[in-house]
Amino acid sequence: RGLLVAAVVYEAPHDEGVALYRARCPHLAPRWLQLPGRLLDVGFGGRWWVLAAKTRDCDVNEEEFGGLPPHLRRMEARQLRSEE
């Protein structure tokens, strides 16, 4: 759901378009107390916090760079080049 400044991604038990009794009955709907267990991610300030934490250094293969000399195994911030 999108809020004014933040966004929340949570797991819903059914799609909004489903016409099943279980999906439409208000007594079977998930309670607000169950929301923390269904929460997947929180977006704020143009960033998804859980996704960013889980994908940090996800494409780095340490074994691939194990044979390099020590001075080549480390990169400094000034050596990185990226487009905005």
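The values are calculated or read from the model by the stated rules, or taken from the named source; none is laboratory data. Only a predicted model underlies this, so the values are computations on that prediction, with no experimental measurement involved. Every residue, glycine among them, receives a Cβ derived from its backbone with ideal geometry; neighbour counts consider all protein chains shown. All accessible areas refer to the heavy atoms of the entire protein, side chains included, with ligands and DNA or RNA removed. Shrake-Rupley method; radii C 1.70, N 1.55, O 1.52, S 1.80 Å.
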Accessible surface of ASP59 - all protein chains present, 1.4 Å probe, nearest 10 Å²: 130
Ordered by number, the trypsin sites (Lys or Arg not before Pro) in segment 33-63 that occupy a DSSP loop and have at most 15 other Cβ atoms within 10 Å are ARG56
Top mean-square fluctuation among GLY67, GLY45, GLY37, Gaussian network model of the chain, C-alpha springs under 10 Å? GLY67
Picking from LEU39, ALA23, ALA7, whose Cα lies most toward the positive end of the charge dipole for the chain (charges on Cβ: Lys, Arg +1; Asp, Glu -1)? ALA23
Less than 13 Å Cβ to Cβ from PHE65, Lys/Arg counted +1 and Asp/Glu -1: what total charge do the surrounding residues give? -3
At a probe radius of 1.4 Å, what is the per-residue accessible area of VAL9, in Å² to the nearest 10? 60
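Between beta-carbons, use under 11 Å as the cut-off and find the net charge around PRO30, counting Lys and Arg +1, Asp and Glu -1.
My count for the surroundings of PRO30 gives +1.
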VAL8 and TYR21 label points (each 7 Å along its Cα→Cβ direction) are spaced in nm at 3.0
Helix-only mean residue ellipticity at 222 nm for the chain, each DSSP H run of n ≥ 4 adding -39500 (n - 2.57), per residue, nearest 500: -3000 deg cm²/dmol
Using a 1.4 Å probe over the heavy atoms of the protein chains, calculate the carbon and sulfur portion of the accessible area of the chain as a whole percent. 56
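Would you calculate the volume per residue, in Å³, of the smallest convex hull containing every Cα atom of the chain?
191
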How much accessible area per residue does the chain have, in Å², with a 1.4 Å probe? 99
